[in-house]
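Before any comments, here is the structure.
The values are calculated or read from the model by the stated rules, or taken from the named source; none is laboratory data. None of these values were measured; they are calculated from a predicted model. Cβ coordinates were reconstructed from backbone atoms using ideal geometry, including for glycine residues, and neighbour counts include every protein chain displayed. We work out accessible area using only protein heavy atoms, side chains counted, and drop any ligands, DNA or RNA first. Shrake-Rupley method; radii C 1.70, N 1.55, O 1.52, S 1.80 Å.
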Amino acid sequence: MQSLRYKRVLLKLSGEALAGEQKFGINPATLDVIGREIVEVSQMGMQLVLVIGGGNIFRGMSESAAGMDRASADYMGMLATVLNALAVQDALEKLGVETRVLSAIAMREVCEPYIRRRAVRHLEHGRVVICAAGTGNPYFTTDTAAALRAAELKCQAILKATKVSGVYDKDPMKHDDAVMFQKITYLQTLERRLKVMDSTAISLAMDNNLPIVVFNLFQTGNIRKVALGEDIGTTVTGG
Ligand code: UDP
């Protein structure tokens, strides 16, 4: 049996990841593919915390929120992450893994409230913990929620799943000659304004020495590869 590099990790999935080709909403086929990969590493014994975004449904800073009070729009964004969390929970449980959704905004008929010690217990029991509703506060993002939960739940790394293969010197979707970094420091990503995670999330990861592994979610087997310690994507550390 291959050994895992990490015992406990946080996997950040953007809302867009769940939309697949459609860019909006939730694509069941995409959910199934991602779900299988998550179940595979969970069954290998890795403790998994998931933080799910909401951008496929609503973003506080989006055009559809134009003219709205920022905080109200952000609360809508946080509720969108709960929809995604429930969809991911359903997909994972169908594939035979036990999960719990823990929400930063209490919704007791739907899921558990986020309580750190409870999250740790679930992880110790081998359940996949799905953190919903971001940090529970407007003016933040789910990337920041990912860094926060990773720190307080003592995860060894943040796995940031994206639609590109890692961190590049410029947008690889727009520039053919974009070069991918294998390793980069937190400060370099901030100074060069590279799109890894927002600056609040990067600062939190930096202050807590949490490595961020940025990798392509849409190449099958990548979640397992990262879990086993294969050097794919870009690793962001203190250097
Ligand atoms: N959000 C928030 N506080 C948080 C996390 C999220 O207000 O702690 C809101 C914010 O409006 C954000 C939306 O929820 O735009 C969806 O989250 P995000 O944009 O991070 O999702 P992703 O880009 O990962 O799909």
Can you name the number of the only condition in (1) without any contact (Cβ under 8 Å) to a residue 60 or more places away in the chain; (2) not in a helix (DSSP H, G or I) that LEU210 fails?
(1)
Look through segment 58-67, keep the residues that are of a type outside the set (S, T, N, Q) and near the ligand (Cβ under 8 Å from one of its atoms), and return whichever of them is most open to solvent (accessible area, probe 1.4 Å).
MET61
Can you pull out every residue in segment 106-121 that is surrounded by 18 or more Cβ atoms within 10 Å (Cβ to Cβ) and either under 18 Å from the mean Cα position of the chain (by Cα) or at pLDDT below 95 (or both)?
TYR114, ALA119
Tell me the residue from THR162, THR135, THR141 that is open to solvent by 40 Å² or more (accessible area, probe 1.4 Å) and β-branched (Val, Ile, Thr), please.
THR141
Of the numbered conditions (1) outside any helix (DSSP H, G or I); (2) crowded, with 20+ Cβ neighbours inside 10 Å; (3) of a type in the set (Asp, Glu), ASP74 satisfies every one except a single condition; which is it?
(1)
Can you name the residue in segment 68-78 that is small (Gly, Ala, Ser) and more than 21 Å from GLN22 (Cα to Cα) and, of all such residues, is nearest to the ligand (Cβ to nearest atom)?
ALA73
Tell me which residues, restricted to segment 35-50, are closer than 17 Å to LEU83 by Cα and surrounded by fewer than 23 Cβ atoms within 10 Å (Cβ to Cβ).
GLY35
One residue from GLY35, GLY25, GLY54, GLY45 being under 28 Å from ARG116 (Cα atoms), in a loop (DSSP other than H, G, I, E, B) and more than 9 Å from the ligand (Cβ to nearest atom):
GLY45
